Amino acid sequence: MTDETLGQRIRRARLERGLTLAQVAGDDFSRAFLNQVEMGRSQPSTRVLRVIATRLGEPLDYLVEGSLLEHELGVERGRLALARGRQLVALELIEPALADRSSLGVDARLCAAEALIGLGREAEARSLVEGDQRLLRARGDSFRLRRLEGLFSGTRFSLDPPGHERLAERALREGRRELALEHFRTARVLRDAAQPAGAPS
């Protein structure tokens, strides 16, 4: 089953349980949208995927392993390629995630914009992220917003582990658990990277 798409996995799990499109969609989204997802014509947000996974009784990881996980891997590989100065490789790796409307898609577009700027294609970079500033403001995602603004001012924005921990704690207070988890993970990775080999973490 490893060659199945996200939509095919959702459809198979739904049919195995004898559920209709309406039963899975409930009041959270339309049957038509779920049908588009199953046919591979629409990409659900993480929130919608959680609803689908819960209604199907399937782990979220199972549903996304062949789609969102692939996008996440592509974005992380793209970031590494960009850090090595390989802009064209970075653009190719992150291309499948560019249309995603979640934080992952924003990360992909920020990475792509940085690569395009590195290639002297600033107008394309601006066009790519033009809707993200409003989106990030609406979400209160100050970290990505500062990264975006830094792209065009020539200043790279990054946080140290305590900075990510502060953002994580703030996100928890605001009830934004997914964002909190993201910042906690980043803080841990940065702390681990700063530890000398063999030192206790």
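The values are calculated or read from the model by the stated rules, or taken from the named source; none is laboratory data. Not measured: the values here are computed from a predicted model. Cβ coordinates were reconstructed from backbone atoms using ideal geometry, including for glycine residues, and neighbour counts include every protein chain displayed.
Of all the criteria given as (1) touching a residue at least 40 places away in the same chain (Cβ under 8 Å); (2) buried (at least 18 other Cβ atoms within 10 Å of the Cβ); (3) in the same structural domain as residue 144 (by TED's automatic domain parsing), the one not satisfied by residue 101 is (2). Being in contact with a Phe, Trp or Tyr (Cβ under 6 Å, 6 or more places away or on another chain) and at negative phi narrows it down to one of 126, 147, 121, so name that one. None of the other options fit; the residue is 147. No other residue among 148, 91, 179, 167 is surrounded by 15 or more Cβ atoms within 10 Å (Cβ to Cβ), of a type outside the set (Lys, Arg), closer than 21 Å to residue 49 by Cα and in contact with a helix residue (DSSP H, G or I) (Cβ under 8 Å, 6 or more places away or on another chain) apart from 179. Here is the figure for segment 1-33: residues that are closer than 23 Å to residue 70 by Cβ and loosely packed, with under 14 Cβ neighbours inside 10 Å total 3. Residues in segment 15-68 that are under 16 Å from residue 4 (Cβ atoms), among the aliphatic types (A, V, I, L, M), outside any loop (DSSP other than H, G, I, E, B) and touching a Gly at 6+ places or on another chain (Cβ under 9 Å): 37 only. For segment 95-124, a residue qualifies if it is in a helix (DSSP H, G or I), under 11 Å from the mean Cα position of the chain (by Cα) and either modelled with pLDDT of 90 or more or not charged (D, E, K, R) (or both), and the qualifying residues are 97, 103, 104, 105, 106, 108, 109.
Note on segment 73-88: residues that are surrounded by fewer than 16 Cβ atoms within 10 Å (Cβ to Cβ) and in a helix (DSSP H, G or I) total 6.
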